[in-house]
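Engineer: Would you mind keeping the following structure in view while I ask a few things?
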Amino acid sequence: MKLLRWIAQHAARNPEQIAFRTEDKALNYKKLWSRSSRLASFIQAIQLERQTPVVVYGHMGMDMPVSFLACAQAGHPYIPVDTSIPMERVRLIVEKSGAGLVINTTDNMLDFEHVMVLDMQVLELVLEQGELISDEYWIKSDEVFYIIYTSGSTGNPKGVQITAANLQSFTDWMTGDFPLGQGKVFLNQAPFSFDLSVMDFYPSLQSGGTIHTLEKEVINKPKLLFENLSHSGLQIWTSTPSFVQMCFPNPDFNQTMLPDLEVFLFCGEVLPLAVAKELKERFPSARIFNTYGPTEATVAVTSIEIQEDLLAKEKALPVGYPKFDMRILVVDESGNPLAEGEKGELILVGPSVSKGYLGEPLLTENAFGMIDGMKAYRTGDAGFIQDGLVYCLGRLDYQIKLHGYRMELEEIEFHLNQSKYIKAAIIIPYAPNEEIEYLIAAVVPAEHNFEKEYQLTAAIRKDLALHLPAYMIPRKFTYHTAIPMTMNGKADRKKMQEEVFA
Ligand code: AMP
């Protein structure tokens, strides 16, 4: 695979160049390559069936990139699982994916029934002195390179399978069509279990760059965050628009703080016009790109540079022109193609589209298909195309984006309804100005012994925290005697919303 070959070449030609760094540690290309190759050899020796998934558990430590590349060199897809994911969900992922191995890059003890756990810490000798793996074992083009679990409406996460060919097509587009150069410093803000991280990770490694990661301990403390950024030498910024917006309260967040910054890459949610305008003022010499895509089509499939004329002309920014090898169609509810300018569902067709959800033939059949011999994916996003430019108008269903995180409201509702304190519940996004600010749980409570409402809320929150990451837990809870119904017996979200905001 070209990507792996190029990383190996960087390691041979430029061994001391830093490939990956955190707040206090750095890994050069030589070490990244040799350690991952030795770990690959170790994995190979375990003799898992080829392509058995391997869960890589951790946050943003040095062992994460080593483990990802080791899996790829041994021919196994990896499943990145961040430490912010509750243990019960981690267990579900391990079980549902049929993982044959869990690589634990943390200090915590992990234990799964019937699945072997490799603690990276005890492998030090192997990583320093073990055998390197032969390239004959490397992942092949049509094999699965990684699997990312996203929120699913049945209450269970769905594993999106991305092949080596999908990833190579994406990485070639990024390094070819964007001004990313060679050997640049890339920001990595997103945890590895979110595919936005792929947008900087592999383009950086393919172009011999340095990945500068921000761990959550740094992101959560503004003083640390800005100190970190001022010493980063960042050249390519990749984040959600929400994250850059979070930096705006600091007036010093500008070109003086990041003098080398050349490019902003955004993906994952709407890039508000106001955010792009403010960035232009703060970083007059940096170029801004909006990109769009779902995990199912490998990170992003459209892009556009946001220039002054666009800012002056548009009320809502377009998500861009399709990637050179992708076709984007707009269809009506029956799947018929719509004319230019007409609003419908966005369908993505081409080599970036995933082969489907792991072990979920029905879900895969519903969302994926073939058009003119190419893989196609129904995004569930509303949009239209005008003069070749794609505009995304948000979700057709209940999948939403909150602060850059994708989630399906039904999944949160599913877990709410499992709580013994709840008879029925629905989630209402609070979006005073288009963008969702937080979630409200409208709850019909079951019998309980709490005196005060806040005690009930605390008990429900505790239940939810067993299953859901913190960012999916509603900020506000309101209590009602019943959920209103529509004529055909479905929960009437509109009416409930009116009641909540009354
Ligand atoms: P994820 O799979 O987490 O990357 O989420 C994919 C969804 O995020 C898409 O289907 C869109 O609904 C939304 N999305 C991604 N990029 C953009 C963008 N630039 N503008 C608007 N929505 C976006």
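The values are calculated or read from the model by the stated rules, or taken from the named source; none is laboratory data. Everything numeric here is computed off the predicted structure, so don't read it as measured data. Note: ideal-geometry Cβ built from the backbone for every residue, glycine included; neighbour counts use all protein chains shown.
Engineer: Among the residues of region 461-484, are any more than 21 Å from GLN497 (Cα to Cα), among the aliphatic types (A, V, I, L, M) and surrounded by 17 or more Cβ atoms within 10 Å (Cβ to Cβ)?
Structural biologist: Yes, region 461-484 contains at least one residue that is more than 21 Å from GLN497 (Cα to Cα), among the aliphatic types (A, V, I, L, M) and surrounded by 17 or more Cβ atoms within 10 Å (Cβ to Cβ).
Engineer: What is the number of the single condition among (1) modelled with pLDDT under 95; (2) closer than 29 Å to TYR398 by Cα; (3) surrounded by 15 or more Cβ atoms within 10 Å (Cβ to Cβ) that ILE162 does not meet?
Structural biologist: Among (1) modelled with pLDDT under 95; (2) closer than 29 Å to TYR398 by Cα; (3) surrounded by 15 or more Cβ atoms within 10 Å (Cβ to Cβ), the lone unmet condition for ILE162 is (1).
Engineer: Hey, another quick one. May I ask you to say which residue of ILE18, ILE43 is closer than 16 Å to THR210 by Cβ and touching a strand residue (DSSP E or B) at 6+ places or on another chain (Cβ under 8 Å)?
Structural biologist: ILE18
Engineer: Are any of the residues in region 203-225 closer than 21 Å to ILE18 by Cβ, away from the ligand (no atom under 16 Å from the Cβ), modelled with pLDDT of 95 or more and touching a Cys at 6+ places or on another chain (Cβ under 8 Å)?
Structural biologist: yes
Engineer: Can you pull out the residues in region 360-388 that are within 15 Å of the ligand (Cβ to nearest atom), closer than 19 Å to ASN290 by Cα and either among the acidic types (Asp, Glu) or outside any strand (DSSP E or B) (or both)?
Structural biologist: Residue satisfying the conditions is ASP381 alone.
Engineer: For a quick check of your reading: which helices (runs of 4 or more DSSP H) sit entirely within region 166-242 and have at least 3 residues that are not β-branched (Val, Ile, Thr)?
Structural biologist: 196-206, 222-230
Engineer: Okay, next question. Pick from TYR405, TYR391, TYR357: which is touching a residue at least 12 places away in the same chain (Cβ under 8 Å), in contact with a helix residue (DSSP H, G or I) (Cβ under 6 Å, 6 or more places away or on another chain) and within 11 Å of the ligand (Cβ to nearest atom)?
Structural biologist: Of the residues listed, the single one that is touching a residue at least 12 places away in the same chain (Cβ under 8 Å), in contact with a helix residue (DSSP H, G or I) (Cβ under 6 Å, 6 or more places away or on another chain) and within 11 Å of the ligand (Cβ to nearest atom) is TYR405.
Engineer: Kindly list, by first and then second residue, each pair from a residue in region 171-196 that is within 16 Å of the ligand (Cβ to nearest atom) to a residue that is in a loop (DSSP other than H, G, I, E, B) and not charged (D, E, K, R), limited to pairs with Cβ atoms under 6 Å and residues at least 6 apart or on different chains.
Structural biologist: GLN189/LEU214; ASP195/VAL299; LEU196/ALA190; LEU196/CYS267; LEU196/GLY268
Engineer: Specify the residue that is farthest from THR457 (Cα to Cα); the eligible residues are those in region 426-443 that are free of Cβ contacts under 8 Å to residues at least 40 places away in the same chain and in contact with a helix residue (DSSP H, G or I) (Cβ under 9 Å, 6 or more places away or on another chain).
Structural biologist: PRO429
Engineer: Same structure, new question: If you go through region 408-424, how many residues are of a type in the set (A, V, I, L, M, F, W, C) and within 16 Å of the ligand (Cβ to nearest atom)?
Structural biologist: The total comes to 2.
Engineer: Need at least 1 residues that are under 24 Å from the mean Cα position of the chain (by Cα) and on the phi > 0 side of the Ramachandran plot per element, so show me which strands (runs of 3 or more DSSP E) inside region 1-83 make the cut, counting only ones lying wholly within it.
Structural biologist: Those strands (runs of 3 or more DSSP E) span 54-58.
Engineer: If the requirement is being modelled with pLDDT under 95 and within 25 Å of ALA8 (Cβ to Cβ), which of these qualifies: ASP195, ASP200, ASP177?
Structural biologist: ASP195
Engineer: How about region 290-315: which of its residues are within 20 Å of ILE148 (Cβ to Cβ), in contact with a helix residue (DSSP H, G or I) (Cβ under 6 Å, 6 or more places away or on another chain) and more than 9 Å from the ligand (Cβ to nearest atom)?
Structural biologist: THR298
Engineer: What about ASP24, is it closer than 19 Å to VAL117 by Cβ and out of contact with any strand residue (DSSP E or B) (no Cβ under 6 Å at 6 or more places or on another chain)?
Structural biologist: no
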